Amino acid sequence: MSDGEAAGWKDTDRPRRLTDLWHREQEGVYILDPHGGLIHRLNETASRMWELCDGSSDIATMAARLAAELGGTQAEAAAALTNLLGQLEKLGLLAPAPGGDAG
């Protein structure tokens, strides 16, 4: 089970960023963690996933988009996405998965 699945993310969930303190550069996205005072740098794939976490799309739709844009299958994209979502949620950068454990 991936970290995302352990956190309770489902295909119908709509991930939403909890901070507007981020900036895109050519090499990826930088996120300022207002609680921990840290800056997180995401690689290009994770950066695209972060940009899609605006609450408007569900995970299944996001995975289909990522597969089309970045290559690979929708299942591979969904697995990578839920893994990243679990990590971002643990860092307090995403709203908790509905029904998931926020801690």
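Read-outs: derived from the displayed coordinates by stated rules, not from any lab. Predicted model only: the values in this text are computed from it and were never measured. Positions of Cβ are backbone-derived with ideal geometry, glycine not excepted, and every protein chain shown enters the neighbour counts.
Annotations for the structure displayed:
- Each peptide in 17-27, 80-90, 49-59 gets a packing score, the mean of other Cβ atoms within 10 Å over its residues, and the list from highest to lowest is 80-90, 49-59, 17-27.
- Across the range 29-41, computed HN-Hα scalar couplings (Karplus, 6.51 cos²θ - 1.76 cosθ + 1.60, θ = phi - 60°) run 9, 10, 10, 8, 8, x, 7, x, x, 9, 10, 9, 9 Hz from first to last residue, x flagging Gly and Pro.
- Look at the alpha carbon pairs under 8 Å that are at least 6 residues apart: their mean separation over the length of the chain gives a relative contact order of 41 percent.
- Shape category assigned to the chain from the gyration tensor of Cα positions, a/c cut at 1.5: oblate
- Taking L42, L93, L70 as the candidate residues, the one with maximal mean-square fluctuation in a Gaussian network model of the chain, Cα springs under 10 Å, is L70.
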